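Written below as structure tokens is the structure these notes are about.
Values in this text are rule-based calculations from the coordinates and carry no lab data. None of the values given here were measured: they were computed from a predicted structure. Neighbour counts run over all protein chains shown; Cβ positions are idealised from the backbone, glycine included.
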Amino acid sequence: MADLLARRALVAVCGLALMPAAYGQEKPPDPEKKPDDTVQRRVVGSIVFPPRNAQARHTSARGLLTPEVRDITKKALRYVRSSQQADGSWGDREYPKSSRTTALSCMALMARGDLPRVGRAGKTLDKGIAFLLSCEKDNGLLVAQDTHKYGPMYDHVWATLVLLQAYGNCPWYADMRAKISRALQAILRSQKADGGWRYSVSPLGRSCVPVTADVMTTLRLGRFSGFAVPEAAISRAEAFILRCGKPKRPEDVGTFSYRESGERGIPSVTAAGVVALFSRGRYNHEYVRPSTDAIEYAYRRAHLDDFNISVQFREFHHGCYYVSQVMYIAGDKYWIPWYKKFAAALKQTQAEDGSFRDRRGNKVSPTAISALILQAPLGYMPQYLR
């Protein structure tokens, strides 16, 4: 009997401990504290991103997202939303209906904190995700009507990455996990003999650093989300990246080659190599610091007009996707000056309709990438973690 009474007393005490405080005991709201919706929780895959301190995200966003930057971003996002086609896809001048362009557009909208059926762009995102899921082919590839002229790997990898970012927030798509699993298997089947990937989905041929970096980022998120990714495949990819980063001459230090024996010194290619190392957690690898310094120097010394005319900065918007990740992860010493210069370059080139244009006349993809990078300080995207 005594034991029974003791147990009941313990339950009562625990119950009182779990009960909310009485209204009169609540701490009165601080009249000086204004609500701030800059940051909100979000799920990527099966986990909550990002794990870093929320206050740091607030500080970063407030310092860089000036009214001018917010206006540039707002116009760019409006253009992206208005460019969606009736079937949920996005396209560009070169690729009128593309899973790659659709994936980039979805990422730009998700970077604001919106999710499928949640937020200002919730319906737009849901249609985009539904389109990507509908693109699945019998071999697991997620490709639409129009693919990159050299092969569909870019399209497939970016589409897979976006589905992984949406996975966990779309329970109404019962087949999403199965389609992501088949998409990852298609990537793994396409790994080339040298350990990397390139445009084609065949294991034949030679790999390149940018596509391999995108694949490694996607496979990393796949692992985080509970999908099976063999360590052997990732190790082979890392070995390929390290061979491309190995200096053959003193002047090669701080650079990566596009392929094992290809051109060196392009900042965006070097950034892609560093991003690939980051996907493996190699933040302190001997190649990282000199490469980061070389990238920072190239962008710091460049005039804003150079970004449009210099061969060194060809594929400016796509290249900045990799560069921005390196600068962000390297810390505020690198990130803040680079971000401000990037925003200044965008201000100079943004069209009246809010779009940006690349050298081949495409508008949706460069606008989506630009909006994605501009919103990096908000901390919603798994590419931007420290």
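At-a-glance table
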quantity: Rounded FRET efficiency, nearest 0.05, which uses the C-beta distance separating Tyr150 from Leu385 and R0 of 30 Å; calculated: 0.50
quantity: Using a Förster distance of 41 Å, the FRET efficiency for Asp175-Asp305 (Cβ separation, nearest 0.05); calculated: 0.25
quantity: For the stretch 83-189, alpha-carbon Rg relative to the globular expectation (2.2 N^0.38 Å, N residues); calculated: 0.97
quantity: Lys/Arg +1, Asp/Glu -1 at C-beta; the stretch 140-216 dipole; positive extreme among Gln145, Gly195, Ala159; calculated: Gly195
quantity: Translational diffusion coefficient (Stokes-Einstein; Kirkwood radius from C-alpha pairs) of the stretch 229-377 at 25 °C, 0.890 mPa s, in µm²/s; calculated: 154 µm²/s
quantity: Approximate spin-label separation Tyr283-Ala86, in nm, with each point projected 7 Å along Cα-to-Cβ; calculated: 4.9 nm
quantity: The stretch 120-159 - Kirkwood radius from inverse mean 1/r over Cα pairs (Å); calculated: 10.9 Å
quantity: Residues with amide H under 5 Å from that of Cys208, placed H, sequence gap 5 or more; calculated: Trp197, Arg198
